[in-house]
Ligand code: 7RM
């Protein structure tokens, strides 16, 4: 590992040039591995390829042709298996359908679907024709969907009548109708029939099956350039609305492909289950693209982990003989709470490797995961990465590295990670600093859609010459990184990214609210809980009704995942002389601790007292 990593960082062109040729299928091999003008990278110039061809067609010539590509289990218990040949055929049919609706290369297509095979089919069909998909998690509200449609200028939306979650039907179509009513540029909505809860379509809608089933199962993949856009995925930042993170074809695919292969030590016979919804980057890179590019079998599960009972995941693992299981610490902590008996009821001997992603994993959860789920036998990979990085950048490699509970691990090949101080200078081992990336890597974001300045400002100006991750970290003497978590104004709630600014602007859309400040509070289960400090307009009365209304407002503006856990009404918010809200202070108050440190920049010291006695109630 050490010599290979050193080489990959010292001579990235050689390393990635070789990997690109060896691992991907090209219509035309690239001529130039990397063009780098900080912070803009172009990888694999002159190359032509297609991502869906890499995920499908290249597996059809050999023994993988009739191998399962997707094993799907719906929440009600329905199971569907699609072989590579069948998946190819469905993707081609749907690509024809999209073409028929006028979708062309470069067009943006919105995907708002439950975790069903059609989500992967829609993504792959877009990739096949060179359209740029933007998947929106089904838990986001109509308002959030509308914002994303407008931001990327999508003219077509793919959705379903509904999806199953916690024994209920999630009415996706209703949200799409509301979003589309406010989006004059949307010309077409394609509706998958999943729950049978929509009887009549609107004029703009077409049933998925009606425009797809009769189509030809062959659709020649578009020969795309390496840097042709592949997808936009919205993620929360420290300011404003979520940003559209842009990924392009070849570099992204190579990152997702190689990490899936090496980090999960993938074997031909594996059944790989990444529990992330395709609405998140983990679902993109591991459930769909990385797994299929490697010709693996990927499992998709539609519903909740405790439906109908808290052992649903273990039931699925035992039933389908899952061998690699990849989930988030927040889920692991919930399983611990629900009790070992739910795990122990099932034969999990098919498991051979476990993974964790999304937030720091506390050593207790790690040890439980290892002992109870992994039977003490399975290595755990704790993979650190971001929507922006496209694929894993910190991890251990099973069989190669010793595992250390609570530490993500070492840099993946080609990744030049460092922990630096305020001035951008590397700190000593054991000292906390900012986690930065000093060299480009193939699956890096190519920018923020429609906003090149924001890309530069947000990521490349905090630390000179380097990409700032937003995370704090420490490196130990063995070169292992412990990622502490976000040090910017981004929260990590149950492994989901949330911008404090986003929640604040959702709160102030309520007519009673004057100002809002949102901070995170440590939470045993979710990692962080959302605490909102709110001041009201004159004449407005604080109380339980208003609290409920404000939480509802956030749910409407963003989605249920963003609902504050606690709302605290205050007389005023603590501010510096320049008018900035003192978040450090609010964090301490939210955590229930005493206010420590320097408060001399506080505008009104009385504010502290009023906050600490502010009325509050748990939501
Ligand atoms: C994959 C994903 C990214 C943020 C990131 C970190 C946190 C993710 C780990 C982690 C500690 C990990 N993309 N994070 N993985 N922290 N250990 N293994 O989660 O864009 O949604 O979030 O998540 O703070 O910056 S993301």
Residue in region 473-492 that is nearest to the chain's Cα centre (by Cα), counting only those that are buried (at least 17 other Cβ atoms within 10 Å of the Cβ) and more than 11 Å from the ligand (Cβ to nearest atom): 489
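In this structure, does residue 92 turn out to be crowded, with 18+ Cβ neighbours inside 10 Å, part of a helix (DSSP H, G or I), over 24 Å from the mean Cα position of the chain (by Cα) and at pLDDT 95 or above? Walk me through it before giving the result.
Values: crowded, with 18+ Cβ neighbours inside 10 Å: yes; part of a helix (DSSP H, G or I): yes; over 24 Å from the mean Cα position of the chain (by Cα): yes; at pLDDT 95 or above: yes.
Considered against the rule, which asks whether it is crowded, with 18+ Cβ neighbours inside 10 Å, part of a helix (DSSP H, G or I), over 24 Å from the mean Cα position of the chain (by Cα) and at pLDDT 95 or above, residue 92 comes out as yes.
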Residue 310, sole failed condition from (1) within 24 Å of residue 379 (Cβ to Cβ); (2) surrounded by fewer than 20 Cβ atoms within 10 Å (Cβ to Cβ): (1)
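Looking at the structure I just gave you, is residue 185 more than 23 Å from the chain's Cα centre (by Cα) and surrounded by 15 or more Cβ atoms within 10 Å (Cβ to Cβ)?
So residue 185 fails the test.
Being under 23 Å from residue 359 (Cβ atoms), within 13 Å of the ligand (Cβ to nearest atom) and out of contact with any helix residue (DSSP H, G or I) (no Cβ under 8 Å at 6 or more places or on another chain) is true for just one of 410, 420, 436. Which residue is that?
Residue meeting the stated conditions: 436.
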Given (1) in a loop (DSSP other than H, G, I, E, B); (2) closer than 23 Å to residue 327 by Cα; (3) more than 12 Å from the ligand (Cβ to nearest atom), number of the condition residue 367 does not satisfy: (1)
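Here's the yes/no breakdown for (1) in contact with a helix residue (DSSP H, G or I) (Cβ under 9 Å, 6 or more places away or on another chain); (2) free of Cβ contacts under 8 Å to residues at least 24 places away in the same chain:
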site	(1), (2)
450	yes, no
457	no, yes
466	yes, no
470	yes, no
473	no, no
477	no, no
482	no, no
491	yes, no
495	yes, no
Residue 251 vs. criteria at pLDDT 95 or above, in a helix (DSSP H, G or I) and either under 24 Å from residue 189 (Cα atoms) or in contact with a helix residue (DSSP H, G or I) (Cβ under 9 Å, 6 or more places away or on another chain) (or both): yes
Search result, residues across region 313-359 that are within 16 Å of the ligand (Cβ to nearest atom) and in contact with a helix residue (DSSP H, G or I) (Cβ under 7 Å, 6 or more places away or on another chain): 325, 326, 329, 332, 333, 354, 356, 357, 358, 359
Every pair of residues 6+ apart whose Cβ atoms lie under 6 Å, when the first sits in region 360-382 and is farther than 26 Å from residue 435 by Cβ while the second is within 15 Å of the ligand (Cβ to nearest atom) and not in a helix (DSSP H, G or I): 374/354; 378/354
Subset tally (residues that are crowded, with 23+ Cβ neighbours inside 10 Å and within 19 Å of the chain's Cα centre (by Cα)) for region 387-411: 9
Near pairs, Cβ below 6 angstrom, 6+ apart or cross-chain, from region 261-286 (farther than 25 Å from residue 113 by Cβ) to any residue that is more than 16 Å from the ligand (Cβ to nearest atom) and not in a strand (DSSP E or B): 261/294; 266/294; 266/296; 270/296; 270/323
Checking residue 446 against (1) without any contact (Cβ under 8 Å) to a residue 60 or more places away in the chain; (2) away from the ligand (no atom under 15 Å from the Cβ), the condition it does not meet: (1)
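The values are calculated or read from the model by the stated rules, or taken from the named source; none is laboratory data. Being a predicted model, the structure only gives us computed values, none of them experimental. Positions of Cβ are backbone-derived with ideal geometry, glycine not excepted, and every protein chain shown enters the neighbour counts.
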